[in-house]
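What follows is a set of notes on a single structure, which appears directly below.
The values are calculated or read from the model by the stated rules, or taken from the named source; none is laboratory data. Because the structure is a prediction, the values reported are computed rather than measured. Note that we place each Cβ from the backbone using ideal geometry, even for glycine, and neighbour counts take in every protein chain shown. The accessibility values were calculated without ligands, DNA or RNA, using every heavy atom of the protein model including side chains. Shrake-Rupley method; radii C 1.70, N 1.55, O 1.52, S 1.80 Å.
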Amino acid sequence: MTERVLVTGATGFVGSELCRLLVQSGYRVRAALRTPRPVPASIAEQIVVGEIDDVTEWQSALRDVQYVVHLAARVHVMHDSAANTDLYVRTNVRGTARLALQAADAGVRRLIYLSSIKVNGEQSTAPGFSAAQTPQPADAYGVSKWNAEQCLQELTGRLEVAIVRPPLVYGPGVRANFLRLMRWVDQERPLPLASIDNQRSLVSVWNLCDLIQLLLHERRAAGKTWMVADDESLATPELIRRLARAMQRRVRLLRVPTGALRVLGHLTGKSEEVARLCSSLVVDTEVTRRELGWSPPVSVDDSLARTVRWYLQEGTRGY
C-alpha cells in the first residue's frame, strides 16, 4: 500500500519542494490548505482546513494518513508589533497542539514538526547551537516554536514526533533578507561589509527536505530534536563572494568597522538586519550526522548556483 503523507504549508517555499520530493519517492501526498488554491499536478489530494488554530478540524484531512509533516506557521516578521504575540501563540502553539492531538487520535504513525533555530537563540558560540542546549528564544516567534515543541513532547507514547530546527532556509522562492542580498550583489552595489568576521549556518531547501524525508521512516528519529544545516558555515563577506561568482558579477566590498555598522543600524531602525549580517549563528549538526548517518546531499556552492538560476529567471520580478 502506498503510504500517505499529510503536508501542511504544502504550497509554501519549503512545502513545494518537499511535496515534489515525496511524490518522486513514491509517497501519496495530501496537501492541507488554508484556502482553495492551485497545487502542483503531482499532489494527488488536497483538502481545505481553514485557519490553523485551536479549533481547526483535522479529522477529514487525517483519514488514512500514516505521516504528517507540519510546515505551516505564522512566520517571523521583522519589527513585528508586540500586539501580534497572540497570533504566534494561536497558530504556532495552539494550532500545532490541536493537529498533533487529532493526529494521535486518528492513528497517525509519526509527525515531523518544522521548528526553528530561533528556539536556541540569536547568536551562537563555538561549536554552535545543539538540541542539548537550554533554549533561549529571544522573540515571540522563537518562544512560540519552543512552546509548540513542548506541546508535542507531551504526546510521547501516543504519537511518534521528530522535530527539526533549521537556520535560514534558502532556495527558489526565498524572500526577505536573502533575496535582498542577492539583489544587491546582482546590482554590484558597494557593500560596507568587508570587515565582518562571523560564521553563519544556512540550509538549502533541498538539504532540509532531504532530512525531513529521512525522518519519516528512520526508526531512530522519533522522540528527538534534530539540527540541520548545509555542509559549510560562511562569513557574510564569503557568502557575498560566492553569490557574486554564481551570478558572474563583480564584488564590491568596503571596509567599515562593525561597530560603525551597528550604530548605523540603530540610527536607521535596522538593528536586527545589521545584527544578522554581523553576528555568528552556527548550527552543530554532529549528532544528526552521527546518529542518522545523514549528510547534506547538495553542497553550498551547488545550492547557491541553483538559487541564483531561479533568481535570474524569476526572482528579479517584483518583491
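What the table below lists for this structure:
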{"quantity": "Residue check, P237 more than 26 Å from A10 (Cβ to Cβ), modelled with pLDDT of 95 or more and open to solvent by less than 10 Å² (accessible area, probe 1.4 Å)", "calculated": "yes"}
{"quantity": "Count of region 294-316 residues which are assigned to a loop (DSSP other than H, G, I, E, B) and of a type in the set (V, I, T)", "calculated": "2"}
{"quantity": "Residues of region 1-57 that turn out to be touching a strand residue (DSSP E or B) at 6+ places or on another chain (Cβ under 8 Å), closer than 22 Å to L214 by Cβ, free of Cβ contacts under 8 Å to residues at least 40 places away in the same chain and among the basic types (K, R), as a count", "calculated": "2"}
{"quantity": "Residue that is least open to solvent (accessible area, probe 1.4 Å) [pool: residues in region 270-288 that are part of a helix (DSSP H, G or I) and at pLDDT 95 or above]", "calculated": "T288"}
{"quantity": "Residue satisfying all of: in region 133-149; in contact (Cβ under 8 Å) with a residue 40 or more places away in the chain and more than 16 Å from the chain's Cα centre (by Cα); surrounded by the fewest Cβ atoms within 10 Å (Cβ to Cβ) among these", "calculated": "D139"}
{"quantity": "Hits in region 129-153 (condition: in contact with a helix residue (DSSP H, G or I) (Cβ under 9 Å, 6 or more places away or on another chain), modelled with pLDDT of 95 or more and in a loop (DSSP other than H, G, I, E, B))", "calculated": "S130, A131, A132, P135, Q136, P137"}
{"quantity": "Residue within region 84-98 that is open to solvent by less than 40 Å² (accessible area, probe 1.4 Å) and not in a helix (DSSP H, G or I) present", "calculated": "no"}
{"quantity": "R242 vs. criteria within 26 Å of N84 (Cβ to Cβ), basic (K, R) and in contact (Cβ under 8 Å) with a residue 60 or more places away in the chain", "calculated": "no"}
{"quantity": "Close pairs from region 192-207: first within 17 Å of V283 (Cα to Cα), partner open to solvent by less than 20 Å² (accessible area, probe 1.4 Å) and among the charged types (D, E, K, R), Cβ under 8 Å, at least 6 apart", "calculated": "S201/D230; L202/D230; V203/D230; S204/D230; N207/D230"}
{"quantity": "Filtered residue count, region 47-61, keeping only those that are surrounded by fewer than 23 Cβ atoms within 10 Å (Cβ to Cβ) and touching a helix residue (DSSP H, G or I) at 6+ places or on another chain (Cβ under 7 Å)", "calculated": "6"}
{"quantity": "Filter result for E291 (surrounded by fewer than 17 Cβ atoms within 10 Å (Cβ to Cβ) and outside any helix (DSSP H, G or I))", "calculated": "no"}
{"quantity": "Residue count, region 245-269 (criterion: farther than 25 Å from V308 by Cβ and assigned to a loop (DSSP other than H, G, I, E, B))", "calculated": "4"}
{"quantity": "Which numbered condition R109 misses (of (1) at pLDDT below 95; (2) surrounded by fewer than 22 Cβ atoms within 10 Å (Cβ to Cβ))", "calculated": "(1)"}
{"quantity": "Search result, residues across region 152-162 that are crowded, with 23+ Cβ neighbours inside 10 Å and of a type in the set (V, I, T)", "calculated": "V161"}
{"quantity": "Only one of E218, E273, E188 that is out of contact with any Ser or Thr (no Cβ under 9 Å at 6 or more places or on another chain), within 30 Å of L292 (Cα to Cα), touching a residue at least 40 places away in the same chain (Cβ under 8 Å) and acidic (D, E)", "calculated": "E218"}
{"quantity": "Residue count for region 9-33, restricted to those that are open to solvent by 30 Å² or more (accessible area, probe 1.4 Å) and either polar (S, T, N, Q) or more than 21 Å from R175 (Cα to Cα) (or both)", "calculated": "8"}
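Yes or no, residue by residue, for (1) at pLDDT 95 or above; (2) open to solvent by 10 Å² or more (accessible area, probe 1.4 Å):
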{"site": "R180", "(1), (2)": "no, yes"}
{"site": "V203", "(1), (2)": "yes, no"}
{"site": "Q213", "(1), (2)": "yes, yes"}
{"site": "T268", "(1), (2)": "no, yes"}
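Here's the yes/no breakdown for (1) open to solvent by 30 Å² or more (accessible area, probe 1.4 Å); (2) in a helix (DSSP H, G or I); (3) touching a strand residue (DSSP E or B) at 6+ places or on another chain (Cβ under 9 Å):
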position	(1), (2), (3)
A104	no, yes, yes
T125	yes, no, no
G173	no, no, no
N177	yes, yes, yes
